[in-house]
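This report refers to the structure that appears directly beneath it.
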């Protein structure tokens, strides 16, 4: 079990690591390599793999690094609190932690009614 107070530091470290990994996955260098590969003569399996690589690259690029970092840190904070509060049957104590989750959500598109 993690020492008291250790979860905040671990969460911050893991959030920073998640941000760094995200920045590596979304680097312009990757996009240029994908574009170069698309000009190569590829067999069907290689083309399929390249489509999958491009898909994951594009998916990662729609999420800002700040959001990745904030969401990871919040996940660690909530998970540690959940372990303590579940053992104490303290469901109401977990509620304040769910409020910051609203700040890490991507903005919702307005719904237009006809």
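Under a crude label model (7 Å from the Cα following the beta-carbon direction), how far is residue 59 from residue 37 in nanometres?
1.5 nm
In terms of the Cα gyration tensor, with a ≥ b ≥ c the square roots of its eigenvalues, is the stretch 11-104 rounded because a/c is under 1.5, prolate because a/b exceeds b/c, or oblate?
On the way: a/c = 3.84, a/b = 2.93, b/c = 1.31.
Judged from the Cα gyration tensor, the stretch 11-104 comes out prolate (a/c at least 1.5, a/b above b/c).
The numbers here are math on the coordinates, done by the rules we state, and not lab data. All of these numbers come straight from a predicted model, not from anything done at the bench. Quick reminder, even Gly has a Cβ in these numbers, built from the backbone with ideal geometry, and neighbours come from all protein chains shown.
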